[in-house]
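Have a look at the structure below, then the notes.
The values are calculated or read from the model by the stated rules, or taken from the named source; none is laboratory data. What you see is a predicted model; the values in this text were computed from it and never measured. Positions of Cβ are backbone-derived with ideal geometry, glycine not excepted, and every protein chain shown enters the neighbour counts.
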Amino acid sequence: MIKKFAPLFATLCLLSGTAVVQAGDTDTDIIGAPGIIPHPIESYLPITAERNSCLMCHKNAVAEDRKAGEIPLTHLKDGKITGDRWNCTLCHAPSMPAETNAKAK
């Protein structure tokens, strides 16, 4: 039943700004949801159309060497990030450390 509503749930999380997940969760926990960023991102911010530090590791030409996830073809046009896909954190949320999540409860 959860898998049936996963795309709707992922969309609602993104629209409400609550797309933070607990550490240990994986991209496959919610089918159709954007991938989780498994590392801190503070040093990569801000992400702008002119400066996207995510590409240092995730650009397809270097991603395999660094064992980082490659940018999917749906994000590219003519080998470059499409105009509406440069801001990674609009869809991809960093994971939240488990101890932080436990303290919040």
Of the numbered conditions (1) outside any helix (DSSP H, G or I); (2) at pLDDT below 80; (3) of a type outside the set (Phe, Trp, Tyr), Ile47 fails exactly one; give the number of that condition.
-> (2)
When residues of the stretch 53-105 are filtered for being exposed (fewer than 13 other Cβ atoms within 10 Å of the Cβ), modelled with pLDDT of 85 or more and part of a helix (DSSP H, G or I), how many remain?
-> 3
